[in-house]
Amino acid sequence: MSGSLKRYRDRRDFSKTREPRGRAPKRGEGHHWVIQEHAATSHHFDFRLEVGGVLRSWAVPKGPSTDPRDKRLAVPTEDHPLDYLNFEGVIPEGEYGAGAVIVWDTGTYTNLTTDDDGEEKPMDRALADGHAAFRLDGEKISGGYALTRMGSGDDAHWLLVKMDDEEADARRNPTSTERSSVLSGKTIEDVAREADRDGEDPE
Ligand code: MN
């Protein structure tokens, strides 16, 4: 079952990065998600959903919107291990994804995807079919969202869109106004600065 983490592990040198190597995925009932802000070569947000014992992942350049009219591009990336839910720190220079990472928001989700008969469609099948709907319950982000695959083959991309529900709010702009980590209270600049300071002062 750990097969889907092969790409994740192949890309990283765990003697250099403090990112989790990841245990073998457990078949579990967990429905966690995380949005990490990542100051890599190009700044983006990583949206990760727990499905089948791993974190299915998308890089969302602009991050999530609370406005249902916004369609946010979401580029699929490799599955990440569950331990990554709590990862915050700096990926060292020269390593894959080098740059600071904070846990911008995290929580649990409820699958809202249904099949033609109105029965709940499992998330792995929903994603394979190119459309998943879910309710997120976090500190900054809550309510319904949908991920939809557009196009096919090399042109395929996904869109992350807020559903028009009670939590929809076109005036909020949480990626700009609520910048602190929900884990540590630090901004991504704080995390980067601390790492620089530690680097200058070797033991
Ligand atoms: Mn990233």
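Structure values in brief
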{"item": "Amide H partners (placed H, <5 Å) of H131, local residues excluded", "result": "R149"}
{"item": "Using θ = phi - 60° and Karplus 6.51 cos²θ - 1.76 cosθ + 1.60, couplings along region 168-178 (whole Hz; Gly, Pro as x)", "result": "5, 7, 5, 8, 6, 9, x, 5, 9, 9, 10"}
{"item": "Theoretical gain in end-to-end length, D129 to D196 [0.36 nm per residue, Cα-Cα removed]", "result": "19.7 nm"}
{"item": "Per-residue ³J(HN,Hα) for region 103-118, Karplus 6.51 cos²θ - 1.76 cosθ + 1.60, θ = phi - 60°, Hz, x for Gly and Pro", "result": "7, 6, 6, 7, x, 10, 9, 10, 6, 10, 6, 10, 8, 4, 8, x"}
{"item": "Residues whose placed amide H lies under 5 Å from that of K140, excluding near-sequence neighbours", "result": "T106"}
{"item": "Signed unit charges on C-beta, dipole axis of the chain, positive-most listed residue V51, T108, A156", "result": "A156"}
{"item": "Potential lengthening between E120 and F14 on full extension [0.36 nm per residue; Cα-Cα distance subtracted]", "result": "34.3 nm"}
{"item": "Accessible area of the chain divided out per residue, in Å², using a probe of 1.4 angstrom", "result": "54"}
{"item": "Two-site FRET efficiency, A156 against S4, from Cβ-Cβ distance with R₀ of 25 Å, rounded to 0.05", "result": "0.85"}
{"item": "Sequence-separation-based contact order of region 6-198, relative, with Cα cut under 8 Å and 6+ spacing, percent", "result": "22"}
{"item": "CD proxy at 222 nm, helix term only [per DSSP H run n ≥ 4: -39500 (n - 2.57); per residue of the chain; nearest 500]", "result": "-3500 deg cm²/dmol"}
{"item": "For H31, residues with placed amide H under 5 Å, excluding near neighbours", "result": "Y109"}
{"item": "HN-Hα J in Hz across region 79-93 - Karplus 6.51, -1.76, 1.60, θ = phi - 60°, x for Gly and Pro", "result": "4, 10, x, 4, 4, 5, 3, 9, 7, 9, x, 10, 7, x, 3"}
{"item": "Computed magnitude of the charge dipole of region 114-193 (debye, nearest 20; Cβ of K, R +1, Cβ of D, E -1)", "result": "620"}
{"item": "The chain: translational diffusion in µm²/s, Stokes-Einstein, Kirkwood Rh over Cα pairs, 4 °C, 1.567 mPa s", "result": "73"}
{"item": "Electrostatic dipole magnitude of region 34-156 [Cβ: Lys, Arg +1; Asp, Glu -1; Cα centre; debye, to 20]", "result": "380"}
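The values are calculated or read from the model by the stated rules, or taken from the named source; none is laboratory data. These numbers were taken from a predicted model, which means no experiment stands behind them. Note: ideal-geometry Cβ built from the backbone for every residue, glycine included; neighbour counts use all protein chains shown. Heads up: the accessible areas ignore ligands, DNA and RNA and are worked out on the full protein's heavy atoms, side chains in. Shrake-Rupley method; radii C 1.70, N 1.55, O 1.52, S 1.80 Å.
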